[in-house]
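The values are calculated or read from the model by the stated rules, or taken from the named source; none is laboratory data. Since we're looking at a predicted model, the values are computed, not measured. Don't worry about glycine lacking a Cβ; one is built from the backbone with ideal geometry, like all the others, and counts go over all protein chains shown. Only protein heavy atoms, including side chains, enter the accessible area calculation; ligands, DNA and RNA are left aside. Shrake-Rupley method; radii C 1.70, N 1.55, O 1.52, S 1.80 Å.
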Amino acid sequence: MTQFTLGKRLEGKTAIITGGGGGIGSATAQMLAAHGANLVISDINLAGAENAVTRVERLGAKGLAVEHDVGSEASWKDVISAAVSGFGGIDILVNNAGLHRETSFGAISLAEWDEVLRVDLSGAFVGIREAAPKIAERGGGAIVNISSIAARIGGSFAHYSVAKAGMIALTRAAAIEFASQKVRVNTVLPGLIETDLTRQVLSQPELARVMTGAIPLPYVGQPEDIASAVLFLCSGESRFMTGAELTVDGGLTATAGPKLDDMDRPK
Ligand SMILES: NC(=O)c1ccc[n+]([C@@H]2O[C@H](COP(=O)([O-])OP(=O)(O)OC[C@H]3O[C@@H](n4cnc5c(N)ncnc54)[C@H](O)[C@@H]3O)[C@@H](O)[C@H]2O)c1
């Protein structure tokens, strides 16, 4: 069966986006809203979520802002109830909320390790556990987990890398668990994307030059680049995809290894 969808691809669907007050989350909320979805936008920063709701309402969608710490089980119950009472159910969950800590391996305290794992991985687990049965009640839908290419790369962020690698394993486990109920679970691995999370790196000219110079495509990723990948994974065009990883990094992880082109070699 070939499925080509013209125009709005998520008409009548309800999506929850965590961390929707931030760069990638807010852009994703707008992308899904532009395609007809109603949005529950959750964030630990309520003002950020409210601003994101204003943006989706400008696109003609309905939005609800909820104050939410993804690492709190009680807080997740509030988000699920807001979606069910506000819009009658849930079709899509985007586990986007995340925090990044740049700390050398030896300086990471157990408390900092636990905090990064709690927000960047455990929060997504609770979200899937709570939302997937609700999505199944609607006859199926999609969950998208935002991982990172840090899952594949070492650096001064061991806890972040471990959490993001865990997100890939969590995606596969959940994909298998909920496949028979037509709840598809996939993950996106963004590369360097210009948001508050990377502002500190990109505002240092020399560091920004080295970081962006490593990206084969000659530009830095924008939140919309990730939002487009999420839209695809939420829509019917990806109906046969589950447990999959979609890397959106301008080719950065395709370049691993020495740059042999720069070598002086006999002609
Ligand atoms: N920007 C990048 O280069 C990049 C690269 C790879 C992966 N990512 C991932 O993309 C996601 C979004 O990142 P971003 O770049 O938009 O960052 P951002 O800092 O702009 O936004 C993150 C949002 O998450 C919210 N948040 C933080 N802790 C929370 C919690 N406990 N509960 C609920 N909300 C919380 C923040 O308030 C913020 O609004 C994150 O998971 C991040 O790890 C980003």
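Out of the residues in the range 215-235 meeting the condition of being more than 14 Å from the ligand (Cβ to nearest atom) and more than 20 Å from Gln30 (Cβ to Cβ), tell me which one is surrounded by the fewest Cβ atoms within 10 Å (Cβ to Cβ).
Among them, the one singled out is Pro218.
Could you tell me whether any residue of the range 186-194 is surrounded by fewer than 16 Cβ atoms within 10 Å (Cβ to Cβ) and of a type in the set (A, V, I, L, M, F, W, C)?
No, the range 186-194 has no match at all.
Looking at the range 22-49 only, could you name the residues that are under 17 Å from Leu231 (Cβ atoms), open to solvent by 10 Å² or more (accessible area, probe 1.4 Å), of a type outside the set (S, T, N, Q) and not in a helix (DSSP H, G or I)?
Passing the criteria: His35, Gly36.
Going residue by residue through the range 170-182, is there one that turns out to be outside any helix (DSSP H, G or I), touching a helix residue (DSSP H, G or I) at 6+ places or on another chain (Cβ under 9 Å) and of a type in the set (Asp, Glu)?
No.
Looking at (1) open to solvent by 20 Å² or more (accessible area, probe 1.4 Å); (2) among the charged types (D, E, K, R); (3) under 14 Å from the mean Cα position of the chain (by Cα), can you tell me which one Lys164 breaks?
(1)
Looking only at the range 156-205, filter to residues that are free of Cβ contacts under 8 Å to residues at least 24 places away in the same chain and small (Gly, Ala, Ser); which one of those is farthest from Ile226 (Cα to Cα)?
Ser180
Would you mind finding the one in Val201, Val185 that is closer than 17 Å to Ile143 by Cβ, touching a helix residue (DSSP H, G or I) at 6+ places or on another chain (Cβ under 8 Å), more than 8 Å from the ligand (Cβ to nearest atom) and not hydroxyl-bearing (Ser, Thr, Tyr)?
Val185
Name the one entry in Thr212, Thr198, Thr171 that is at negative phi, surrounded by 13 or more Cβ atoms within 10 Å (Cβ to Cβ), at pLDDT 95 or above and of a type in the set (Ser, Thr, Tyr).
Criteria check complete, one pass: Thr171.
Is it true that Ala83 is open to solvent by 20 Å² or more (accessible area, probe 1.4 Å), more than 18 Å from the chain's Cα centre (by Cα) and of a type in the set (A, V, I, L, M, F, W, C)?
Answer is no for this residue.
Filtering the range 77-113 down to residues that are among the β-branched types (Val, Ile, Thr) and closer than 19 Å to Ser148 by Cβ, which residue is farthest from the ligand (Cβ to nearest atom)?
So, considering only residues that are among the β-branched types (Val, Ile, Thr) and closer than 19 Å to Ser148 by Cβ, the one farthest from the ligand (Cβ to nearest atom) is Ile108.
Is it true that some residue in the range 53-63 is within 11 Å of the ligand (Cβ to nearest atom) and within 30 Å of Leu202 (Cα to Cα)?
For the range 53-63, residues within 11 Å of the ligand (Cβ to nearest atom) and within 30 Å of Leu202 (Cα to Cα): absent.
Out of all the residues in the range 133-155, is one or more on the phi < 0 side of the Ramachandran plot, modelled with pLDDT under 95 and open to solvent by 50 Å² or more (accessible area, probe 1.4 Å)?
Yes, some residue in the range 133-155 is on the phi < 0 side of the Ramachandran plot, modelled with pLDDT under 95 and open to solvent by 50 Å² or more (accessible area, probe 1.4 Å).
Within the range 1-21, identify whether any single residue is modelled with pLDDT under 95, open to solvent by 60 Å² or more (accessible area, probe 1.4 Å) and either assigned to a strand (DSSP E or B) or aromatic (Phe, Trp, Tyr) (or both), and answer yes or no.
The answer is yes; a qualifying residue exists.
Results for (1) hydrophobic (A, V, I, L, M, F, W, C); (2) out of contact with any helix residue (DSSP H, G or I) (no Cβ under 9 Å at 6 or more places or on another chain); (3) touching a residue at least 40 places away in the same chain (Cβ under 8 Å), shown as yes or no for each residue.
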{"position": "Glu67", "(1), (2), (3)": "no, no, no"}
{"position": "Ala74", "(1), (2), (3)": "yes, yes, no"}
{"position": "Asp78", "(1), (2), (3)": "no, yes, no"}
{"position": "Ala97", "(1), (2), (3)": "yes, no, yes"}
{"position": "Gly106", "(1), (2), (3)": "no, yes, no"}
{"position": "Glu112", "(1), (2), (3)": "no, no, yes"}
{"position": "Leu121", "(1), (2), (3)": "yes, no, yes"}
{"position": "Ala124", "(1), (2), (3)": "yes, no, yes"}
{"position": "Gly127", "(1), (2), (3)": "no, no, yes"}
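Looking at Leu170, is it within 16 Å of the ligand (Cβ to nearest atom) and closer than 20 Å to Thr247 by Cβ?
yes
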